Each structure stands twice: as structure tokens, then as C-alpha cells.
Amino acid sequence: MASTTLLSGFGMKAYTYALFSCKRRSLLSSLTQNAIDSTSKKSVRRSIKMDQEETRIAKQAIKHAIRALRKRHLVEEAAHTPAFIALSRPLLSQGSEWKEKAENLEVELQQCYKAQARLSEQLVVEVAESRASKTAIQEKEALITDLQNELAQARDECSRLNTLLEEKIKALDLMISEHQDLKQQLEAATVRANNFEAENKMLIDRWMLHKMQDAERLNEANAIYEDMLGQIKSNSIERLARQQVDGVVRQSEEGAEYYVESTIPSICKQRIPAHGGGCAAIVFECNSTKLVSGGHDRDVKIWDADTGAQSQTLKGCSGSILDLSITHDNRTIIAATSSNNLLVWDASSGRARHTLTGHVDKVVAVDVSKFSSRHVVSAAYDRTIKVWDLSKGYCTNTILFHSNCNALSFSMDGQTICSGHADGNLRLWDIQTGKLLSEVAAHSLPVTSLSLSRNGNVILTSGRDNVHNLFDMRTLEVCGTLRANGNRVASNWSRSCLSSDDSYVAAGSADGSIHIWSISNAKIVSTLKEHTASVLSCSWSGLGKPLASSDKNGVVCIWT
């Protein structure tokens, strides 16, 4: 029994030793396999870097290998069991030695297991690191791809900019060459312009010489005419004095022409509320006390200046009346309107004869030839001056100029047009050709009014600089300047006037007053105050009296 137990104990020892041997071999195999696995792990690292699918396949291969080793270990353990039993019996005496070896092997086995666990942990860490590395590599590869795309775009943009730069350089070269050509052309044109200027100056000097000679001849003729007129006046003064009626002296019984001495007005005889919204234009009929007025209410009215009664109203205007003119036979009235046209009425019947169209802006000035009632001249804010034939009702000539014209007047012979412009200049034009004959800087601000003397030798100009100048029509030299501290021109179309005997000048002011100057001494002889608004227009009767004025409220005053 004891032997059996001993054998049994020895068998158990042998079995244990065999089992430990098998486990040791299995552990060695496992360690070997772990070494292999370590080598495989390096290859796996490399394969992980190549592709994720290869990593997964490698992991599955490792798992299958471990399962196979475990199965092999179990099979070997079962195969060696009978051998362990047979060998256990003679080895009972060596039990203690085997026991010690078994314990040592068990300790060694535990160490192997710990080493295996550490290697497994290291493998897990290495796999995690490999995954993180692969993720980082993928991110870097994506970043590299983006940077490569940006680099490609930058190269394309650089190529495009280089192409554009080449085009700009070519265009710049072309512009430089064109600039050189234009510079040469400009130099040639400058030389030609200098030549033309010298030639023009020479022609102007010659023309001025001829004008001076003509002026001298005209002065001589006027002196002869004045002497003859003085002789006629002195010879017939007694007879004319007997025919004097109300300050008007007829030169002949037929009354074809009047010699008039104007009186200085001082009293407002009539105060007429003529128009609603303002009255900008008034004019007396020739050698008559009938007054024609036009206003903002689009009506033209005819008044008896002696009684202040209205005798007629002319309608048909579609805009405000800005200027009026009457033919010397008093048969036709022409109105310049803000509706870009002129209306022509028959004064006796009050019917409209013509509507003169052609301007494209408001018509601000109109005048009828003093030589012939056929020709009319008008100016508008479209920078044109137009000459009209009243018998046919259409425009015969158009003058274009860069500065708008505010006032017009015909010369006595009807061959020259005088115009006052917004640039302050007085200009003379040939009615037939429309050419500029001469010009002079009359005012520092726009010209507002022109008034020609009865003999046609002097023209009165008024401007927004509140100065009234008298020019000699033959030389365009200033022969008189009139100004007053309180006199302020109210608008660009404020009209001043000369008296019928060319002795006085009347001009309205923005404060409602009217100043009367004596031309002989350039001093104020009277100041009239009746208006409560800015005075826009003054007109002196050809009979010497009365004087009429109109203001922005539409009130017309008759002064005697």
C-alpha cells in the first residue's frame, strides 16, 4: 500500500514533471512564438504603415497561430501522459528533487506568463501607437494633398498673372508709342497755333485800324449831323414851342418824328396790381403812353398809362412771360416765354399770329429790328441766339455760343445784334452771317440788361455786379459808369432803361427802390420808393414821360 502510495506519489511527481516539461516546452514554444510574434510585430508595423487592411489580416493570422499552438500543446500533453505515469514509478526516490525542479519550473512558468503578459501589453501599446501613427500619417497625407492643390492653384495664378503682366507691358508700350506720336502731333499743332495766333493778331490789328478809321468817319458824320440838327432846331424852336402839348414837341405837323425832353419822375401816379406771381417785362408802345406788360400768370396786358385802365388782354402763352418787344408800327407784340418758344400777336385784334418754336430751353430775351419790323432776334438758355423772319414765321439763322445770353438789342441799322451774356461780356454779331464782330468785358458778373440810345451811338449795360455802364457802339469803350450804394440788381433779367432824350438812366433795385442817374454828371438825381418787392423792369415812354416799373409781386407803378 505504501509502495503503491509511493509509486503513486512518484507517478504524480513524474506526471507533474512531465506536465511542467510539457508546459515548459509549450512556454518555450510560446516564447519562441512571441519572439516570432515580435518579429511579426515589426513587420506588422511596417504593414500598418502601408495599409489598414493588411494590419487586420495580420492580427487574424496571429490569433489563428495562437489557437493552433494551444491545440498542439493540449495534444502533446495528452500524448505524453502515459509516459509520465510509467516513469513516475522508478522516480519516487527522486521526489524531493523533482518537487524542487517542479517548483522552479512553476516559478519559471509564472515568469514566462508575466513576460507573455508584458509582451501582450507592449503589443497592444504598439498597435495603438501604430494606429495613432497611421492616423497622423493620413492627416499629414491629406494636408500634403491640400498643400499640393494650393501649390498647383498658386502656380496657375502665377502663370495667369505673368500672362496678364505681359499683356499690360505690351499695352503700356503701345500707349507710350501713341503718347510719343500724340506729343509730336501736339508740338506740330502748337507751332501751327502760334502761327495762327500771330496771323490773327496781325489781322486784328489791321481790323482795329479799319474800325478806328470807320469810327473817325462816323464821328465826323455824326458831328456834321449834330450841327445840322442844331441848326434845324435853332431855326424852328419858336415854331415848335407853339406846338408844345404836355411836354411833347412835334417836329412837323404830320408827327412823323418826335424831339422829346424827358422829365425826372418823382411821383407815383398809378399803382396797378397787374399780374399774379410777378411781372418781369414791361414796354411802352412807340411814341405812345400805352404800356404792355407780361407776367408769371402767362397773360400779356395792355394799359393806358394816363388812367391806369386795362384796355386789352392777350392770352395763349403756356409759360411765364420773361421779355416783351413791340414793332415800331405798334402792330405786333412778341413775348419770350419760359415754355421754350415765342408768341406773336396782332396788337389791334389780339389774335396770335405765330408761335416761334426752335429753342430747347426757356427764352429770356427778345427784340425787334428798329430798321425793319420783319426781323426778330431771341435768346434762350440753350446757349443759342436765333434770328426770325416774322413775315414767314420761321428761323433764318442760329448763333451758338458757350455762354448763355440774358439780354438783346438791335443796332439802329438792323445789321448788328448786341448781346449781353452770363460771363459778363457784351458781344456784337453780324445778323447776316452770324459771325462775332467784337466783344468787350462789360461786367464782372452776368449782364442783365441792354438799352440802346435813340441815336444808336451809346448802349447801356447793367450787370449783377450792380454797375451800369455806357459803351460807345463805335469803339466799345466805356463812356460812363453809374452805381449807387443802395442799388442791387434783383435777377439775371432785371431791365434798366435810358430816357427818350438819352439824358437819364433808370434802374430798379432788390429793395424796391428805383434810382435815376443823370448821364451828364453820373450822379443820382432821384430815388423813387413805392414798391414793396424787388423791382424787375423799368421802361421809359418815348414821349419823355411817364416812367413805368414792375416788381416781383406783379405790381406796375407809373411815375411822372
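The values are calculated or read from the model by the stated rules, or taken from the named source; none is laboratory data. Note that the structure is a prediction, hence the values are computed from the model and not measured. Methodologically, a virtual Cβ is constructed for each residue, glycine included, from the backbone with ideal geometry; neighbour enumeration extends over all protein chains shown. SASA here: full protein model, heavy atoms, side chains in, ligands and nucleic acids out. Shrake-Rupley method; radii C 1.70, N 1.55, O 1.52, S 1.80 Å.
Filter region 359-385 for residues that are open to solvent by less than 40 Å² (accessible area, probe 1.4 Å) and outside any strand (DSSP E or B); which is farthest from residue 299 (Cα to Cα)?
Checking each candidate, the answer is 372.
Which residues, taken from region 428-473, are part of a strand (DSSP E or B), farther than 19 Å from residue 495 by Cα and not aliphatic (A, V, I, L, M)?
Result: 429, 430, 438, 439, 472.
Looking only at region 328-340, which residues are closer than 19 Å to residue 397 by Cβ and open to solvent by 20 Å² or more (accessible area, probe 1.4 Å)?
Passing the criteria: only 340.
Restricting to region 386-395, count the residues that are assigned to a strand (DSSP E or B) and either over 27 Å from residue 456 (Cβ atoms) or charged (D, E, K, R) (or both).
3
If you check every pair at least six apart or on different chains, which have Cβ atoms under 6 Å apart with a residue in region 323-344 that is in contact (Cβ under 8 Å) with a residue 24 or more places away in the chain first and a residue that is among the basic types (Lys, Arg) and open to solvent by 40 Å² or more (accessible area, probe 1.4 Å) second?
Hits for this filter: 338/362; 344/353.
Mind listing whichever residues of region 344-357 are under 25 Å from residue 411 (Cβ atoms) and assigned to a loop (DSSP other than H, G, I, E, B)?
Of everything in region 344-357, just one residue is under 25 Å from residue 411 (Cβ atoms) and assigned to a loop (DSSP other than H, G, I, E, B), namely 347.
Filtering region 75-100 down to residues that are within 30 Å of residue 59 (Cβ to Cβ) and exposed (fewer than 12 other Cβ atoms within 10 Å of the Cβ), which residue is modelled with the lowest pLDDT?
The qualifying residue modelled with the lowest pLDDT is 78.
Could you check residue 476 against (1) touching a residue at least 40 places away in the same chain (Cβ under 8 Å); (2) touching a Phe, Trp or Tyr at 6+ places or on another chain (Cβ under 9 Å); (3) within 29 Å of residue 395 (Cβ to Cβ) and say which number it fails?
Checking residue 476 against (1) touching a residue at least 40 places away in the same chain (Cβ under 8 Å); (2) touching a Phe, Trp or Tyr at 6+ places or on another chain (Cβ under 9 Å); (3) within 29 Å of residue 395 (Cβ to Cβ), the one that fails is (2).
When you look at residue 398, is it surrounded by fewer than 20 Cβ atoms within 10 Å (Cβ to Cβ) and in a strand (DSSP E or B), yes or no?
yes
Can you find even one residue in region 186-197 that is among the acidic types (Asp, Glu), open to solvent by 70 Å² or more (accessible area, probe 1.4 Å), assigned to a helix (DSSP H, G or I) and within 27 Å of residue 62 (Cα to Cα)?
no
Would you mind finding the one in 409, 451, 419 that is of a type in the set (Ser, Thr, Tyr) and either in contact (Cβ under 8 Å) with a residue 60 or more places away in the chain or over 23 Å from residue 518 (Cβ atoms) (or both)?
419
Just the residues that are open to solvent by less than 90 Å² (accessible area, probe 1.4 Å), without any contact (Cβ under 8 Å) to a residue 60 or more places away in the chain and within 21 Å of residue 59 (Cβ to Cβ), please, taken from region 101-126.
Across region 101-126, the qualifying residues are 117, 120, 125.
Name the single residue, out of those in region 433-463 being crowded, with 23+ Cβ neighbours inside 10 Å and of a type in the set (A, V, I, L, M), that is nearest to residue 221 (Cα to Cα).
459
Can you pull out the residues in region 263-279 that are under 12 Å from residue 526 (Cβ atoms) and open to solvent by less than 20 Å² (accessible area, probe 1.4 Å)?
Within region 263-279, just 265 meets the criteria.
Restricting attention to region 502-534, which residues are among the hydrophobic types (A, V, I, L, M, F, W, C) and either out of contact with any Leu (no Cβ under 9 Å at 6 or more places or on another chain) or open to solvent by 10 Å² or more (accessible area, probe 1.4 Å) (or both)?
If the condition is that a residue be among the hydrophobic types (A, V, I, L, M, F, W, C) and either out of contact with any Leu (no Cβ under 9 Å at 6 or more places or on another chain) or open to solvent by 10 Å² or more (accessible area, probe 1.4 Å) (or both), then 510, 519, 522, 524, 525, 533 are the ones that fit.
When only residues in region 280-300 that are without any contact (Cβ under 8 Å) to a residue 60 or more places away in the chain and under 18 Å from residue 322 (Cβ atoms) count, which is most open to solvent (accessible area, probe 1.4 Å)?
Top of the filtered list is 298.
Would you mind stating whether residue 489 is out of contact with any Gly (no Cβ under 6 Å at 6 or more places or on another chain), assigned to a strand (DSSP E or B) and either under 27 Å from residue 377 (Cα atoms) or in contact (Cβ under 8 Å) with a residue 60 or more places away in the chain (or both)?
No, not satisfied.
Could you tell me whether residue 479 is under 17 Å from residue 268 (Cα atoms) and touching an Asp or Glu at 6+ places or on another chain (Cβ under 6 Å)?
no
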